[in-house]
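Reviewing the structure listed below.
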Amino acid sequence: MSRRDRLRAQREASIRDGSRRPRDGSVRRDAWAAEPPDPGAQLDRLTLALLPLRAFLGVTFVYAGIDKLTDPNFLQATGPGSIGAQLDGFVRVSPIAPLVQLFGQPFPVAIGLLIAVAEIAIGLGALSGLLFRLSAAGGFALSILFWLTASWATKPYYYGPDLPYALGWLTLALAGTGGRYTIEAWLDREFDSGLDDEPVSPERRLVLKAGLLGVAALAVTGLAGTVGASVLGRQRTIAGTGTTPATSDTAAGPTASAAPSTPSGSPALTAAPSVGATPAPASGPVVAKVSQLASGRAVTFDDPITGDPGVIIKLRDGTFVAFDTVCTHAGCTVEYDRASGYLICPCHGAAFDPANQAEAIAGPTDQPLAVIPIHIDTASGRITLTG
């Protein structure tokens, strides 16, 4: 084969494998002739890929708002599980504690209601596509607020849920909906295909969309609020008849009227059955003495029965209570904070109210601490375990 034939064969081989383009510029299925990607197809794939995230965040926020409105304890200024108690907990740990004190604590019920309505509106905006970017931006801002308050004490940070929620909302705010799979896109088509000679202006469209989203959010809020009021009314009715469940007794607090059959005596024994102290004979190990506990003070001990750490607290009303201090979230040992009067988990920020049978009032758990039965010998001042 001549040199010319060899060069021609090499050139044709390079054209076939795509490393060289033909001199005549003909189109071939190789790297030189690859078609540019279709922006519309890429956007549609992105829209489809974000649908699960959009649905999850939207449904979750609507559910969160409804859950707050139907919770008989949340929209209360005080008590376990109330927004007031949660705000009190945030003040101790949040980096924006001054703002919580200034804007939150004076109006706890209004703040709780505002958060619930905002969650419902944001969730509906994500699901329907109405004011989608604004809704996603609102979800991002609300999640950041939750991260700086409810999740700030959670250590390490990846145990807290609010920061991932914030980044999910930020992703949706940046990406948008692509104009697909939304009620807003359907409304735009209806506006554009209307019979009126004059098209609907963008400003009027925005007002109509905002009004539709607002009406939907208020409708859901009203329905959930009605259900919540009904639940709260039933709880109060049951409490008034003396057949209140344990959770309702907890909300009422450890009072003498909660246990009319208790023998008269010291204030500690009068309220004792609701908080762990019993009038049973002292038969267990001595874990503390009354003299060690001034009002609002605590003494820690190791429970010889379970091996768990425990704490005895003298509440400000003179009642003695004892609890297992193993956190019901991840097993860390909670610590008594005298300033707030709460038991606080140093690992993930859970808070428990010892005045209400150690009910969880903040953090990643809703399970109370275990009550340790104790007996107080008023003659000797010894505090012993009875269980």
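The values are calculated or read from the model by the stated rules, or taken from the named source; none is laboratory data. Since the model is a prediction, treat every value here as computed from it, not as a measurement. Using ideal geometry, Cβ is built from the backbone for each residue, glycine included, and neighbour counts are taken over all protein chains shown. In case anyone asks, the SASA skips ligands and DNA or RNA and just uses the protein heavy atoms, side chains included. Shrake-Rupley method; radii C 1.70, N 1.55, O 1.52, S 1.80 Å.
Summary table
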item	result
Long-range HN-HN contacts of residue 362 with modeled amide H, under 5 Å	351
Most to least packed among 295-307, 100-112 [average Cβ atoms within 10 Å]	100-112, 295-307
Linear extension gain, residue 56 paired with residue 332, 0.36 nm per residue minus alpha-carbon span	96.3 nm
Label-reachable residues, the stretch 49-66, where backbone N falls under 19 Å from a point 7 Å from residue 227's Cα toward its Cβ	56-66
Sorted peptide list for 152-158, 362-368, 130-136, criterion being average Cβ within 10 angstrom, highest first	130-136, 362-368, 152-158
Residue-normalised accessible area of the stretch 114-158, expressed per residue, 1.4 Å probe, Å²	41 Å²
Net charge, residue 52 excluded, C-beta distance under 15 Å - Lys, Arg +1, Asp, Glu -1	+3
For residue 177, net neighbour charge (Lys/Arg +1, Asp/Glu -1) across residues whose Cβ lies under 9 Å away	+2
Inter-probe distance in nm under a simple model that places probes 7 Å from Cα toward Cβ, at residue 186 and residue 107	3.6 nm
Cβ crowding within 10 Å averaged over residues, with 88-94, 330-336 ranked highest first	88-94, 330-336
Charge context of residue 374, other residues only, Cβ under 13 angstrom, K/R +1, D/E -1	0
Potential extension, residue 133-residue 207 segment - 0.36 nm per residue separation minus Cα distance	25.1 nm
Theoretical FRET efficiency, 1/(1+(r/R0)^6), r = Cβ-Cβ of residue 377 and residue 63, R0 45 Å, to 0.05	0.35
Additional length obtainable on full extension of the chain from residue 289 to residue 6, 0.36 nm per residue less Cα span	91.4 nm
